[in-house]
Amino acid sequence: GFAQSELMSGHLIDFFVPFLPLEYRHVKLCARDAFTARGLQADEATLDEVAKAMLYVPKDERLFSAQGCKSIPQRINFFMP
């Protein structure tokens, strides 16, 4: 794979960090952190609502978030009291 490429063997890239998609529970943790960063306490129901508002793939199974944690702080504005 990527470890055998010229980029790695030529020392142009030192480390390769694979992207791991977020699961539903990870999205809830990101939402909790976003609320905490604003000095707010979110209940479990609110965290569920934020997580449900995200897009997931594959669409029929909804296993992984199609977006990362960076989009969550903008989304929690809709769920703030």
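The values are calculated or read from the model by the stated rules, or taken from the named source; none is laboratory data. Keep in mind it's a predicted model, so treat the numbers as computed, not measured. Cβ: placed from backbone, ideal geometry, glycine included. Neighbour counts: every protein chain shown. Ligands, DNA and RNA are stripped out before the accessible areas are found, and what is left, the full protein with its side chains, is counted by its heavy atoms. Shrake-Rupley method; radii C 1.70, N 1.55, O 1.52, S 1.80 Å.
Quick one: in segment 12-48, which of the residues that are open to solvent by 100 Å² or more (accessible area, probe 1.4 Å) and of a type in the set (A, V, I, L, M, F, W, C) is modelled with the lowest pLDDT? The extreme case among them is PHE16. Just so you know, in segment 58-81 the residues that are within 11 Å of LEU22 (Cβ to Cβ) and of a type in the set (A, V, I, L, M, F, W, C) include one that is least open to solvent (accessible area, probe 1.4 Å), and it is ILE72. Whenever a residue of segment 16-29 is at negative phi, its partners that are modelled with pLDDT of 90 or more and of a type in the set (Ser, Thr, Tyr), lying with C-beta atoms within less than 8 angstrom and at least six residues away or across chains, give the pairs PRO21/SER65; LEU22/SER65; GLU23/SER65; TYR24/TYR56; TYR24/SER65; HIS26/SER65; VAL27/SER65.
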